[in-house]
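These notes are about the structure you will find just below.
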Amino acid sequence: MSSSTASAAPLLEARGLTREFDDGQVKALRGVDFSIDAGEFIAITGPSGCGKSTLLQLLGALDRPTSGDLLYRGESVPNLSDLAAYRASEIGFIFQAFHLLPTFTALENVQIPMFEGYRSRSERREHAVELLRLVGLEDRLDHFPSKLSGGERQRVAVARSLANEPSLLLADEPTGNLDSENAHSVLDLIIRLQQEQGRTLVLVTHDPTIAERAGRILHMTDGRIVSDQAPAPHNAATRP
Amino acid sequence: MTFSTVVIRGLLRRPLRTGFTLAGISIGIAAVVALVGMARGFQQSWEVGLKARGTDLVVSNRSGSLTPKPFDASVSDQIKSLPHVAATCDILVEITSIEDSDLMILSAREWGGFSWDNLKLISGRMPNSATEPAVVLGQTAAEVLKKKVGDPIQIETKELKVVGIVKGGAVVEDGSVILSLPLLQGILGSPHQINAIDVRVTPSTSEQQLQALTHQIEQRIPQVRAVTVNEHLSHNEGFRLVEAMSWGTSLLALLVGVLGVMNTMLMTVFERTHEICVLLAVGWTRQRVMRMILYESAVLGLTGGIVGVALGVIGVRLLDKTPAIRGLLQPDLGLPLLGLSVVIAVAVGVLSGLYPAWRSSRLTPSLALQAG
């Protein structure tokens with residue numbers, strides 16, 4: 001797969017996705033259908049336990065569906081022989097709790113995903129410096145996560161998510177652990193990078209003000225998508 | 001940053017635990033170096049000692065102990081008549097406690113035999129006759145026993161006199177109490193008993209002729225075995241037993257090391273479950289995660305091996321200074337043993353890391369989203 005492949009087909013297409021746990025006793029997803037075009041910014045909203053995070057895991061190939069299919073550029077993701085390669089080259093994850101590795105500096109954390117790429121040691125370093133500069137942390141390269149503020153940590157995580165230049169960014173409540181000031185600036189950063197670099201962004205949030213900045217909002221309830229619509233025109237960040 | 005940075009950083013995460021694990025594996029490897037080095041050194045010291053005496057063949061009784069079983073001295077007359085035999089020297093050797101020392105080599109030699117020839121007097125004189133109640137001491141034996149020329153020395157029930165201190169050209173010779181054969185036979189009350197015959201062959205004897213001679217001796221005198229100096233030691237069951245016991249003890253120590261490393265690596269995997277899931281989520285393959293754990297455990301092994309070898313060498317050097325060991329052997333701390341010890345340590349590390357690595361590769365990356 002290559003992120004540069006352009007086609008009329010959607011970037012991602014979910015067909016009747018279900019995900020069950022505990023031998024079917026827990027039905028996290030009950031048949032989800034939708035498609036995402038390249039370059040879109042989609043917010044997934046819904047109450048706790050509605051299946052938002054489970055859906056995000058399936059999109060990022062962290063988990064496999066119980067039934068249904070997920071097509072990435074027309075190829076079935078669950079049937080891919082190498083899910084790690086898909087995650088490494090096509091997906092960039094941004095987690096609510098940042099999930100930086102505590103024993104590595106900001107610069108090193110950003111380089112971690114690059115081990116699966118083609119870059120040499122010096123290229124990895126150079127690229128990581130460039131990404132950290134992009135998120136405004138050029139003066140924090142050698143800081144360990146414990147020495148960074150919450151907002152700075154999430155910026156490092158954003159830089160890490162871009163390490164292998166993925167076409168799809170998956171963000172799970174990326175501002176959930178931040179104060180409102182940092183939440184705004186990190187969200188602005190993510191949206192700016194998504195728009196400038198033409199990446200596709202799927203963002204899970206329960207905050208309607210964040211969701212309204214997306215081009216489309218998928219609202220989930222009880223394992224299903226109950227609405228798929230654009231936000232009010234004056235709020236949508238990706239709308240003309 | 002390279003992959004090895006990731007590996008080292010993983011180990012430094014818990015420096016105290018890594019340190020204790022290293023200590024465990026180091027002690028195991030130190031045991032290998034010390035015990036096996038001493039066992040092999042013991043064997044080699046005898047070999048050098050025999051060569052220093054100018055011996056080509058050793059005739060002795062098949063035996064499972066360190067000193068061979070005694071046999072009748074008349075056997076040497078039969079050997080003297082064989083082709084290529086230049087000279088023989090009857091020997092009665094015992095490893096025994098003398099006065100306050102733990103273990104000393106008591107080496108009685110046929111009076112006038114060639115095995116006396118290589119002894120160089122440092123002080124005093126050689127015994128005057130086969131029956132003079134006198135011994136000469138190798139220089140290390142003199143130091144260990146704290147004896148000088150003129151001092152009395154108690155051998156079994158008899159008091160003899162130290163008449164000379166000699167240099168023998170080999171650790172075993174220097175560590176021996178040397179006396180005439182009839183004197184020791186008299187003390188032990190076994191007048192015609194010897195337990196080895198040193199055989200010197202004529203200078204022109206080829207290796208094949210030497211082998212033929214050994215067969216001839218064994219055919220003619222079935223109760224003894226004739227072997228060249230090199231074979232003598234490698235075939236000696238006593239030496240083999242000592243080496244086997246050394247390996248056995250060392251392996252037990254190593255097993256403790258294996259369990260230590262495995263425990264540490266398993267703890268690492270459990271503790272770093274979340275971190276490993278994040279690595280998988282950002283695209284690391286399961287193979288890379290396994291490799292990280294295996295490398296960490298191999299680095300533990302390698303470092304433990306190097307530290308263990310150093311500890312072993314220091315330990316052996318210290319032991320070598322104790323009166324119990326001194327003069328009895330020159331420890332073998334050659335590169336092959338030290339290299340083998342490090343290789344064993346790395347193998348121990350890798351082996352101990354296999355199960356933890358497999359466990360780490362079974363983790364599901366979705367835990368990264370749930371945890372934290």
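Each reported figure results from applying straightforward, stated rules to the coordinates on display, with no laboratory input. Everything quoted here is computed from the prediction, not taken from an experiment. Using ideal geometry, Cβ is built from the backbone for each residue, glycine included, and neighbour counts are taken over all protein chains shown.
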Worksheet item: Relative to the compact globular guide of 2.2 N^0.38 Å, what is the alpha carbon radius of gyration of segment A:116-222, as a ratio?
Response: 1.13
Fill in: In degrees, nearest ten, helix B:37-52 long axis to first principal axis of chain B (Cα)
30 degrees
Worksheet item: In peptide B:46-55, how many Cβ atoms from other protein chains are near each Cβ within 10 Å, on average?
Response: 0
Response to the item:
Listed residues B:PRO356, B:PRO222, B:PRO182; largest mean-square fluctuation, Gaussian network over chain B with Cα springs below 10 Å, found at B:PRO222
Practice prompt. Please sort by residue number the GluC sites (Glu not before Pro) in segment B:103-156 whose DSSP state is loop and whose Cβ has at most 16 other Cβ atoms within 10 Å.
Written response: B:GLU156
Discussion item. Exceeding 21 Å between C-alpha atoms, which entries from my cross-link table qualify? They are B:LYS120/B:LYS148; B:LYS120/B:LYS321; B:LYS147/B:LYS321; B:LYS80/B:LYS120; B:LYS147/B:LYS167; B:LYS51/B:LYS167.
Written reply: B:LYS120/B:LYS321; B:LYS80/B:LYS120
Response to the item:
Whole-Å distance linking the alpha carbon centroid of segment B:29-85 with that of segment B:92-158 is 19 Å
Worksheet entry | Cβ-derived FRET efficiency at R0 45 Å, B:SER204 paired with B:SER129, nearest 0.05 | 0.85
Worksheet, complete the sentence: Counting every C-alpha pair in the protein assembly as shown, the percent lying more than 35 Å apart is 58 percent
Item to complete: Output the Cα-based Rg and Dmax of segment B:75-115 in Å, rounding Rg to one decimal and Dmax to a whole number.
Response: 14.3, 45
Discussion item. Tell me the net charge near B:GLY353. Cut-off is 12 Å between Cβ atoms, B:GLY353 excluded, with +1 for each Lys or Arg and -1 for each Asp or Glu.
Written reply: +1
Worksheet item: What's the FRET efficiency of A:ARG192 with B:PHE270 using the Cβ-Cβ distance as r and R₀ = 51 Å, to the nearest 0.05?
Response: 0.80
Worksheet item: What chymotrypsin sites (Phe, Trp or Tyr not before Pro) in segment B:237-277 are in a loop by DSSP, with at most 13 other Cβ atoms within 10 Å of the Cβ?
Response: none
Worksheet item: Under the definition of partner shielding as Cβ atoms of other protein chains within 10 Å of a residue Cβ, what is the mean value for peptide A:94-100?
Response: 4
Worksheet item: Dividing the convex hull volume of the Cα atoms of segment B:148-215 by its residue count, what figure in Å³ per residue is obtained?
Response: 138 Å³
Discussion item. Please list, in order, the residues from segment A:71-98 whose amide nitrogen is less than 20 Å from a point placed 7 Å along the Cα→Cβ vector of A:SER48.
Written reply: A:95-98
Worksheet entry | Relative contact order %, chain A, counting alpha carbon pairs below 8 Å whose residues are six or more apart | 27 percent
Worksheet entry | Net charge contributed by nearby residues that have their C-beta within less than 14 Å of B:LEU57 (K/R +1, D/E -1) | -1
Worksheet item: Quick one: in chain B, what % of C-alpha pairs are over 28 Å apart?
Response: 57 percent
Discussion item. If each residue of separation counts as 0.36 nm, what is the full-extension length gain between A:HIS143 and A:SER35 once their alpha-carbon separation is subtracted?
Written reply: 34.9 nm
Worksheet, complete the sentence: Per GNM of chain A with C-alpha springs under 10 angstrom, the most fluctuating residue out of A:ILE217, A:ILE91, A:ILE112 is A:ILE112
Item to complete: Take peptide B:280-292, look around each residue's Cβ out to 10 angstrom, count Cβ atoms belonging to other protein chains, and average those counts.
Response: 6
Worksheet entry | Gaussian network model of chain A, springs between alpha carbon atoms under 10 Å - residue of A:HIS127, A:HIS143, A:HIS219 with greatest fluctuation | A:HIS143
